[in-house]
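What follows is a single structure, written as C-alpha cells, with notes after it.
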Amino acid sequence: MDAPAAEVTLTGDDVRRMTLRAQGFLGATPWSRSRAGVAAMLRRVGAVQLDTISVLARSHELVAYARLGPVPRARIERAYWHASPPQAFEYWAHAACVLPIEEWPYYAFRRRWYRNRGMRWHQVSERACQQVRAQLAAEGPLTATQLGGAKGGGPWWDWSETKVAAEWLLDIGELVCVRRDGWRRVYDLPERVLPPELLNADPSDAECVSHLAGVAARALGAATHNDLVDYHRLQSVLSSQ
C-alpha cells in the first residue's frame, strides 16, 4: 500500500501567489514575451469569457491586455478568430467562452447533455435545422443574418426560427464557431474546420470531467473542489452519475 500523501498547509499569501502565477499575473512566463502570446495565454487559462458589454474594450481583449500588456487589438482578434488553421472555438464553458481548439473533444459531455435534453431555451424546428445544414454545406460559413435572420422582431431573446436552429446545432456539436465577424458568430460545419483527430475523438463523460478538472486546476493554481467543478460548469454531468 502506498504511503498517504503528506499534508501541506498553505497560508493565504501562498494561495494568492499560486493563483496569480497560474493566471499569468505574477512572474515572467515564456508566452508573455512570445508573438504567440495570446494563443499561449488562452491555453494557459483554459477559457476566456465573452461579453457583449464594452467599456475600455470587450472582456476577451482585457484578459489578454491584463497578462500581456499593450498587445495590438488586431493581434488578439487574429489569435482568437482568424488563425489558419483555427486555434480556438467558441462554446459554453462557465459561460460563452473562447476555448483552445484542442479542447473540442472534451466538451462532448455537454453536447450529449443538450441533445438528451432536447432543447435549451427554445423549441427547435427540425425543418429549420435541415435548412441551416444544407445552406452551410452549399454556401460555406455564414452568420445568422446571412442564414436568413437572427431576430424575430421582438426583445433580445426573440430569435428567428433560423437563429434558434443554428444555436441548437451549435449546442449539440453539429455546427461550430471558430470565427466572429464583428460581434456576430460565424457558423460552420465541424468537418470543414476541425482536424480529424479532434472531430473523431469521443471521450466518455468521465474522461471529459477528468480532463477539464485538470485544466481548471492548472489555471487556478490553488482550488477547492467546488472551484474545479464550477470552472467549466461540470455540475450537470456530475449530478447525473
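When you scan the range 106-132, how many residues do you find that are out of contact with any Leu (no Cβ under 6 Å at 6 or more places or on another chain) and either closer than 19 Å to N200 by Cβ or assigned to a strand (DSSP E or B) (or both)?
Going through the range 106-132 one residue at a time, the tally reaches 7.
Any residue in the range 215-232 that is without any contact (Cβ under 8 Å) to a residue 40 or more places away in the chain and closer than 14 Å to R21 by Cα sitting within a Cβ distance under 8 Å of a residue that is among the hydrophobic types (A, V, I, L, M, F, W, C) and assigned to a helix (DSSP H, G or I)? List the pairs, counting only those 6 or more apart or interchain.
A217/L228; A223/A216; A223/A217
Residue by residue through the range 26-44, note down the ones that are surrounded by fewer than 16 Cβ atoms within 10 Å (Cβ to Cβ) and modelled with pLDDT of 85 or more.
Passing the criteria: none in range.
Determine whether the range 147-161 contains at least one residue that is under 24 Å from N200 (Cβ atoms) and of a type outside the set (S, T, Y).
There is no residue in the range 147-161 that is under 24 Å from N200 (Cβ atoms) and of a type outside the set (S, T, Y).
Write out, first by first residue and then by second, each pair whose Cβ atoms fall under 6 Å of each other, whose residues are 6+ apart or on separate chains, and whose first residue, in the range 38-60, is under 16 Å from R179 (Cα atoms) while the second is open to solvent by 10 Å² or more (accessible area, probe 1.4 Å) and assigned to a strand (DSSP E or B).
Partner pairs satisfying both residue conditions: L50/A96.
Among the residues of the range 113-140, which ones are open to solvent by 20 Å² or more (accessible area, probe 1.4 Å) and either among the polar types (S, T, N, Q) or at pLDDT 95 or above (or both)?
Of everything in the range 113-140, those that are open to solvent by 20 Å² or more (accessible area, probe 1.4 Å) and either among the polar types (S, T, N, Q) or at pLDDT 95 or above (or both) turn out to be N116, Q123, S125, Q130, Q131, R133, A134, Q135, A137, A138, E139.
Look through the range 62-110, keep the residues that are of a type in the set (F, W, Y) and within 18 Å of E167 (Cα to Cα), and return whichever of them is surrounded by the most Cβ atoms within 10 Å (Cβ to Cβ).
Of everything passing the filter in the range 62-110, F89 is surrounded by the most Cβ atoms within 10 Å (Cβ to Cβ).
Taking the residues in the range 182-202 that are part of a strand (DSSP E or B) and at pLDDT below 95 as candidates, determine which candidate is nearest to V98 (Cα to Cα).
Applying the filter and picking the extreme gives R185.
Among (1) among the hydrophobic types (A, V, I, L, M, F, W, C); (2) closer than 28 Å to D14 by Cβ; (3) part of a loop (DSSP other than H, G, I, E, B), there is one condition V229 misses while meeting the rest; what is its number?
Of everything listed in (1) among the hydrophobic types (A, V, I, L, M, F, W, C); (2) closer than 28 Å to D14 by Cβ; (3) part of a loop (DSSP other than H, G, I, E, B), V229 misses just condition (3).
Of the residues R218, R233, R179, which single one is closer than 15 Å to L99 by Cβ, more than 16 Å from the chain's Cα centre (by Cα) and of a type in the set (D, E, K, R)?
R218
Right, P203: open to solvent by 30 Å² or more (accessible area, probe 1.4 Å), within 29 Å of H82 (Cα to Cα), in contact (Cβ under 8 Å) with a residue 24 or more places away in the chain and not β-branched (V, I, T) or not?
No, not satisfied.
The values are calculated or read from the model by the stated rules, or taken from the named source; none is laboratory data. For clarity, every value in this text was computed on a predicted model and none was experimentally measured. Neighbour counts are summed over all protein chains in view; Cβ atoms, including those assigned to glycine, are modelled from backbone coordinates with ideal geometry. Side chains included, ligands, DNA and RNA excluded: accessible areas come from the protein's heavy atoms. Shrake-Rupley method; radii C 1.70, N 1.55, O 1.52, S 1.80 Å.
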